[in-house]
Every structure is written in structure tokens, then in C-alpha cells.
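First comes the structure, then the notes that go with it.
The values are calculated or read from the model by the stated rules, or taken from the named source; none is laboratory data. Note that the structure is a prediction, hence the values are computed from the model and not measured. Methodologically, a virtual Cβ is constructed for each residue, glycine included, from the backbone with ideal geometry; neighbour enumeration extends over all protein chains shown.
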């Protein structure tokens, strides 16, 4: 029997997964930073090649409120090891990554640092009243440093007398064996 058409490539895909548990409702008019730190690959760096990083987020507004809006910005970050030290979780700020903007700027905005990190993907949006929102982002990491730390982050702020929101996120770092 000839299995030539069914053979797998020697470089079979592998992945590391990380997940942020469902976050309870967050109070309105406050910025929250939802961070997922991807665990490092537990292998000799000569054994694998990075392929891609995929992040998935789901945002659920609180009770139906016609004035509720949730402003969000997602980031996929490659950092020099040790520059960013937060673990997976939800925080009111992330000063190692960037500073939350002051008055006169849109709520929930962060001004990222300019050294030691590379933002490989950034995406913004607004969740309208009473509608859940889910999205996926994927970036190609071929050629990225294997010695880097990898993070996905969602900065969110509930606005306008909202009843809060819940967020769930997960990320997957894919690589291939050499």
C-alpha cells in the first residue's frame, strides 16, 4: 500500500497554550489590563522553529444597558526576557508595558514603552450595548527570537454607566520541530 500522499511532514506542528479564566464583571469607567503570558518552550532552542501566535478574546457586556460601551485594544507582544514580569491575570495597570493615558486622552489607552518590546499586532474596537464580541488575531513569528517572552494583552474600559463586562482569552504559540 502506498501512503506517499498521506505522509506527514517531518516538521510536525506543536503548540503551547495559555488561558485567562473568565473574568468576573468589572466595574464601569475603570481600565483593566488582561494579560496572558505564554509559557516558554521547554526545549533546546535548536530543536524548534517558531511559526505563529494566535490570540482569541471574548468580551461580554453586563446587563442590557443602552448606554453601555466597552473600549478595548489588543496587543501581541514580543519582549526581551525579563523586561515584562507580569504573569497571566487581570491588573488595573501594567507600567512595565506602558502608561495608562491621562485626562484628555481616550479612556483605556496605553502608551507602550519604546525599548525592550516589539508590538507585533495591535487591534482596537468598541463593543456596543448588549452585544457580545469575540475576535481572533494571528501573527507570523517565523524569524522571531526564540529567547523572547511572548504576551497577549487586552486593555479594556467599560464606559457610560455600564453594568460591567466579562472577558475570556486564550493564546497558542505554535512551533515546528527541526
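For first residues located in the stretch 67-82 and under 16 Å from residue 116 (Cβ atoms), partners that are buried (at least 17 other Cβ atoms within 10 Å of the Cβ) and modelled with pLDDT under 85 and lie 6+ apart or on another chain with Cβ distances below 6 Å do not occur. Residue selection: residue 84 satisfies the criterion of being buried (at least 16 other Cβ atoms within 10 Å of the Cβ), assigned to a loop (DSSP other than H, G, I, E, B) and modelled with pLDDT of 90 or more. The set of residues in the stretch 95-129 being surrounded by 13 or more Cβ atoms within 10 Å (Cβ to Cβ), modelled with pLDDT under 90 and part of a loop (DSSP other than H, G, I, E, B) consists of 101, 107, 108, 109, 113, 129. Quick check, is residue 138 closer than 11 Å to residue 154 by Cα, modelled with pLDDT of 90 or more and outside any loop (DSSP other than H, G, I, E, B)? So residue 138 does not fit the description; no.
Yes/no matrix, rows are residues, columns are (1) touching a helix residue (DSSP H, G or I) at 6+ places or on another chain (Cβ under 7 Å); (2) over 17 Å from residue 55 (Cα atoms); (3) part of a loop (DSSP other than H, G, I, E, B); (4) modelled with pLDDT of 90 or more:
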| residue | (1), (2), (3), (4) |
| --- | --- |
| 131 | no, yes, yes, no |
| 151 | no, no, no, yes |
| 154 | no, no, no, yes |
| 161 | no, yes, yes, no |
| 173 | no, no, no, yes |
| 176 | no, yes, no, no |
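Inside the stretch 71-81, residues that are surrounded by fewer than 20 Cβ atoms within 10 Å (Cβ to Cβ), at pLDDT 90 or above and under 20 Å from residue 157 (Cβ atoms) make up a count of 1.
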